[in-house]
Amino acid sequence: MRTILRRFAPAALLALLASPVQAAATITIVNMDGALEGFNDPTPVSPVGGNPGTTLGQQRLNAFQRAADIWATYIDSPVPILIQAAFNPLTCTATSATLGSAGPRFAEINHPNAEFANYWYHEALANKQAGVDLTLPGEASPTDNGSDINAQFNSNIGTTGCLEGRGWYYGYDGNEGTNIDLVAVLLHEFAHGLGFSNLTSGSTGNFFNGSPAVFDKFLYDETTGLHWDQMTLATQRQASAINTNNLTWDGIHTSVAGNQTLAASPEMVAPYGNVLGNAAAFGPAFTSTGVTGQAVLAVDAVAPTGDACSLPASLTGRIAVIDRGTCSFNIKVKFAQDAGAIAVILVNNTTGTFSPGGTDPTITIPTIAITQADGNTLKSAIAAGTVNVTLRISPTARAGVHPSGRVRMYSPNPFQSGSSVSHFDVSLTPNALMEPSINADLGSGIDLTQALFRDIGWIPSLLDAPGRTPSSRIALASRPNPARGGTSVRFELPSEESLTLVLHDVAGREVRTLANGRFEAGAHDVRWDGLDAAGRPAAPGVYMARLKGSRTQVTRAIVLVQ
């Protein structure tokens with residue numbers, strides 16, 4: 001990715017501010033393949049799943065444009081977006097492969113209309129804010145086509161030695177079966193190119209060319225209480241990138257959407273406390289009542305003896321504790337079921353979380369995956385005596401949501417290049433488009449990605465008052481947000497002013513006046529204890545804090561969660 005830095009004169013800025021804004025975007029695929037390859041492959045094929053192409057190359061190009069058109073209905077830009085794309089042979093084996101990748105070709109800083117000064121933006125988003133194309137054809141090099149995003153995908157998928165037995169599915173209907181839905185993969189990768197990726201290095205913690213990216217404003221470390229752009233040391237960001245379960249996204253739209261749409265989290269209720277985990281892709285769904293039984297270690301006859309990769313000793317009526325590794329998850333669970341287990345607890349063999357994939361319609365018992373640390377605690381308890389546990393749906397926690405109410409980002413330890421930080425965590429349920437792996441239950445929607453794109457400025461905000469300038473957005477804030485039981489509302493004034501700070505529900509009804517009086521210049525903190533004007537606990541939901549004075553009028557959303 002190349003970088004283009006510019007300084008704009010005031011006259012140019014005024015002209016750009018007057019640029020019209022469209023209600024949608026135009027995204028075009030630029031074919032970079034040579035003759036008889038990739039998009040130009042003349043191999044005859046039959047139309048499939050709504051894709052009318054009659055050659056392999058045309059179906060590929062149709063699928064690319066289909067994904068581009070879907071994104072174009074969600075985002076808003078007056079500047080056409082160009083994605084240069086090609087099908088090339090990429091790394092693969094008979095069992096694993098690089099499917100493809102996409103990312104920004106250029107980055108911009110301090111462009112006209114940038115919401116935040118001194119922050120890097122992906123090219124397409126910077127163009128949207130500026131209202132003009134900031135990198136024209138021929139500007140980066142005499143022969144450059146001016147594309148904003150580069151994408152390349154693996155042309156070998158399904159051939160000998162490359163994911164044998166599977167291939168690309170070019171249809172639009174999500175009926176890929178055992179093949180790989182290209183449109184779903186494209187929606188994921190195009191999102192990276194549009195802005196769902198950080199320009200700051202997660203492996204080193206170093207800012208891109210010395211400045212933070214807009215992504216850093218929303219990455220939040222629950223342990224330090226700092227956003228990435230607030231961390232003064234690269235080593236702090238480096239440590240945050242592997243702070244498993246504690247790297248979250250602090251954007252109000254994503255927090256609201258996560259708390260409204262993500263499912264209740266599976267949990268293991270043990271005598272020493274409750275442990276959250278991830279459900280397997282196979283087997284029955286967890287229930288609120290759950291399954292209760294004695295947790296015992298599964299032991300088979302083949303070393304390593306705790307992985308249940310062969311039939312273990314009798315587990316009749318018990319909950320099997322099984323180590324990850326050696327064989328696939330569904331094989332382990334099926335062996336445990338055959339041995340009489342009523343449920344399975346899979347323990348990670350490394351740090352971090354995981355979500356067991358696989359399919360087997362004959363599996364009828366639930367499976368939860370827990371961390372290595374939680375597994376060691378459970379094993380120690382089992383060694384000390386009888387341990388009865390319940391596997392159930394948590395009555396309070398949501399899958400993929402931190403107790404703070406923020407949605408978790410992917411932060412395994414050790415760091416996974418290409419996956420860590422720039423994805424939602426694998427614990428999200430239902431699976432999200434921007435998890436690090438493409439899951440079979442995805443359709444053509446963009447789920448929580450739409451909310452994150454509202455946070456970074458791609459899509460108009462649903463929560464800020466109309467006509468607010470970027471500077472007024474940061475005049476009023478609350479921490480924590482989402483809040484449990486209460487929050488602190490902070491505002492900063494450039495000069496003395498008489499103000500009211502009133503809380504409303506989403507229907508516009510006044511809930512409580514938090515402040516009313518004259519305030520000096522500077523920062524002020526007002527505490528809301530989570531009660532309404534009558535002293536009753538406010539119901540969970542979204543509330544609007546409105547700060548109004550003779551010179552100030554700002555509205556911010558506060559999310560109250562259970």
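Here are the numbers for this structure:
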quantity	calculated
FRET efficiency estimate (nearest 0.05) - Cβ-Cβ, residue 118 to residue 381, R0 51 angstrom	0.50
Cα-based shape type of the stretch 220-270, given that a ≥ b ≥ c are square roots of the gyration tensor eigenvalues and the cut on a/c is 1.5	oblate
Shape category assigned to the chain from the gyration tensor of Cα positions, a/c cut at 1.5	oblate
For the stretch 478-562, alpha-carbon Rg and Dmax in angstrom	12.5, 37
For residue 299, residues with placed amide H under 5 Å, excluding near neighbours	313
The chain - accessible surface per residue (Å², probe 1.4 Å)	42
Cα-based convex hull, the stretch 136-276, per residue volume (Å³, whole number)	238
Expected 222 nm ellipticity per residue - DSSP helices of 4 or more, -39500 (n - 2.57), all of the chain, to 500	-5500 deg cm²/dmol
Rounded, prolate or oblate (a/c below 1.5 giving rounded, otherwise prolate when a/b exceeds b/c) for the stretch 49-145 by Cα gyration tensor	prolate
FRET E, pair residue 234, residue 525, Förster distance 22 Å, beta-carbon r, rounded to 0.05	0.10
Tail beyond 19 Å, pair distance distribution of the stretch 73-129 (Cα, percent)	48
Extreme residue, positive dipole direction of the stretch 74-163, given options 81, 154, 114 (C-beta unit charges)	154
Dipole of the stretch 350-432, positive direction: furthest Cα of 396, 416, 365, with charges on the beta-carbon	396
Candidate lysines for bridging to residue 548, where Cα separation is under 30 Å - those fewer than 8 sequence places away on the same chain excluded	217
Dipole of the stretch 226-349, positive end: most advanced residue of 336, 252, 272 [Cβ charges, Cα centre]	336
Under Karplus coefficients 6.51, -1.76 and 1.60, residue-wise ³J(HN,Hα) of the stretch 368-377 in Hz, glycine/proline x	10, 10, 10, 6, 4, 5, 5, x, 5, 4
Calculated diffusion of the stretch 222-371, Stokes-Einstein form, Kirkwood radius summed over Cα pairs, 4 °C and 1.567 mPa s, µm²/s	75
5 angstrom amide H check on residue 558, placed H, neighbours 5+ away	543, 544, 545
Part-to-part distance (alpha-carbon centres) for the stretch 384-422 and the stretch 477-495, which is given in Å	27
Cα-Cα pairs of the stretch 70-215 separated by more than 26 Å (percent)	36
The stretch 199-209 - phi-based ³J(HN,Hα) in whole Hz, Karplus 6.51/-1.76/1.60, Gly and Pro as x	7, 6, 6, x, 6, 10, x, 7, 5, 6, 6
Karplus-derived HN-Hα couplings along the stretch 273-281 (A = 6.51, B = -1.76, C = 1.60, θ = phi - 60°), whole Hz, x at Gly and Pro	x, 9, 10, 7, x, 10, 7, 6, 6
Label-to-label distance, nm, for residues given as residue 274 and residue 96 (7 Å Cα→Cβ offset)	3.6
Lysines whose Cα lies under 30 Å from that of residue 379, excluding same-chain neighbours fewer than 8 positions away	332, 334
For residue 75, residues with placed amide H under 5 Å, excluding near neighbours	25
Globularity index of the stretch 308-384, i.e. its alpha-carbon radius of gyration over 2.2 N^0.38 Å	1.03
Cα-only Debye scattering, the stretch 364-446: base-10 log of I(q)/I(0) at q = 0.13, 0.25, 0.26 Å⁻¹	-0.58, -1.30, -1.32
Between the stretch 288-350 and the stretch 40-107, the Cα center-to-center distance that results, in Å	41
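The values are calculated or read from the model by the stated rules, or taken from the named source; none is laboratory data. None of these values were measured; they are calculated from a predicted model. With ideal geometry, Cβ positions are generated from the backbone for all residues, glycine too; neighbour counts draw on all protein chains shown. Only protein heavy atoms, including side chains, enter the accessible area calculation; ligands, DNA and RNA are left aside. Shrake-Rupley method; radii C 1.70, N 1.55, O 1.52, S 1.80 Å.
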